[in-house]
Structures are given as structure tokens and as C-alpha cells.
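The structure under discussion appears below in the form of C-alpha cells.
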Amino acid sequence: MDRPHIIDSHVSEWQQKTDRHQSCQKTNPYLGSHEDGFTKKSDQKEQNKDHMITSRLMQWQEKAQSNQNFTKKSSLSKNFQGPHYQHLGSREDDENYGRPVQGSKTEFRGKAAGVHISSEVIELCSVIRDMATPLPDGTVAVPFGELFELYTRISNKVVGILMRARRQGLVSFEGEMLYQRRDDHVLIHLLKMPDDLINETEKQKDELKHHPSAKCLK
């Protein structure tokens, strides 16, 4: 038996005890029929007992509600409702399909990671521009071996950043993948500086400063 069923059974048991006790009070002819001290003490004991039962019942109800809230936040529960991710549904029905909830820490981390990667692409293009040699066709290029030796001092993800920059149309080079030593002679052509990416990254940085989760994750 799982945890929610155990809590619900305890709540039900306490509720039944409370109902039986209140029923006995109504049907017992000796309760409340005498005004002597003994009856008053008995009434006080019964009231204390009622209070204790009610208090315990409320505690179980709070635990049950807390457990229900927990299962809604657990991705392993059939009652999962977030809050870190949107419900999985149809892409056509929900424009936020598969995206983090707006204002959540998950959304903040994702945007911060995107800004970090974009900043590395911008920095790589600047390094290529500064160390590249002009070619007769008017473009600039640098051998991969030289770039690798220099840029690995800045980041060890030079190949991954180059692949991303090529997908964005910023650089070009021959081959699907680059390997140190084997491809040291391959020229990395800088097609253009990422001016649009620079502006977009600066805008995203400003947005992150005002993000609801910015202070929580500092």
C-alpha cells in the first residue's frame, strides 16, 4: 500500500472514531443530565477528549494534503502537475509544449546557459578575427591547429563552439568534425562577426537580471 492510501485510511479511521464518540454523547442519558460536580468533570473530560481527537484528525488531514501536494511535484507520480515543466500535450494545442514554466528556476537556468554559450561563440569569433590572416578573396582565416592551441587556454570546448558557430553561419571549414593534429592544417574561415548575436545576448543578459529567480540562484 502506498503512502497516500495509508494516510487516507488513518484520516478515515479518526473520522469514524469522532462520529462514534459524538453519537454516544447524544444517546447516553447520563451525560449532561446532572448538574453535580462529578457530571461536570465528566463533561470536561469528554470535551478534552473531543478536542484531542479533532486535533489529531486535523493533523492527519494536513499530512494528507501535504502528501497530495508532494505527488503533484514529483515527476514519478501519476498526479504530477509541475511546477517545473508544462503538461505534456499536443504541440498544436499548447504553444508552451515542453518548455519550463515562465518565471521558474528551470527557465532561468536554461536562459542563463544559452547566454553563456552565445558569449563563447562571440568570443571565439573575436579571437579568430584578431589572429586570422587575410586571404586574396577578402575573407580571413586561421589554421585549426593554431586556433586550438590558443583557444584551449580559454575554453576546452573549442570544437563544439566551432560547430555551433558554423550552424549559425558565422564560420566555415571543411569536414564534418575537426580533430587535433589530424586537422591542424584545415582553415577556419570567419564569414562575419556576430553583430546580431551580440545585441541579442546583451538583451538576454538584461532580462536575466530582472528574472524572478535571479536572486534565488545567486
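Bear in mind that the values in this text are calculations on the coordinates, not laboratory data. These figures come from a predicted structure and were not determined experimentally. Because the Cβ atoms are built from the backbone with ideal geometry, glycine has one as well, and the counts that use them run over all protein chains shown.
3J(HN,Hα) couplings calculated from phi for segment 172-179 with the Karplus curve 6.51 cos²θ - 1.76 cosθ + 1.60 (θ = phi - 60°) are, in sequence order, 9, 6, 7, x, 7, 9, 10, 10 Hz; Gly and Pro show x. Here the label points at Asp206 and Ala113, each 7 Å from Cα along the C-beta direction, are separated by 2.6 nm in the simple model. Over segment 97-174, one equal point on each Cα, no solvent: what is log10 I(q)/I(0) by the Debye formula at q = 0.17 Å⁻¹? The Debye formula, applied to the Cα set alone, gives -0.72. Remark on Thr139: its backbone amide H falls under 5 Å from none of the residues 5 or more positions apart or on other chains, H modelled at 1.01 Å from N. Pairs from the table (Lys157/Lys209; Lys111/Lys205; Lys105/Lys205; Lys111/Lys203; Lys105/Lys209) lying more than 19 angstrom apart at Cα are Lys157/Lys209.
The HN-Hα couplings worked out from phi for segment 57-64 by the Karplus form 6.51 cos²θ - 1.76 cosθ + 1.60 (θ = phi - 60°) are 4, 5, 5, 5, 5, 5, 5, 5 Hz, whole numbers, x standing for Gly and Pro. For segment 133-142, backbone phi angles converted through the Karplus equation (6.51, -1.76, 1.60; θ = phi - 60°) give residue-by-residue couplings of 9, x, 10, x, 7, x, 8, 10, 8, 9 Hz, Gly and Pro being listed as x.
Taking 0.36 nm per residue of separation and subtracting the Cα-Cα distance, full extension of the segment from Gln180 to Glu149 would add 10.2 nm. In a fully extended conformation the segment linking Ser126 and Ala214 would gain 28.8 nm over its present Cα-Cα distance, using 0.36 nm per residue.
Between Asn67 and Asn48, full extension at 0.36 nm per residue minus the direct alpha carbon distance yields a gain of 4.0 nm. Computed over segment 146-213, the percent of Cα pairs more than 14 Å apart is 67.
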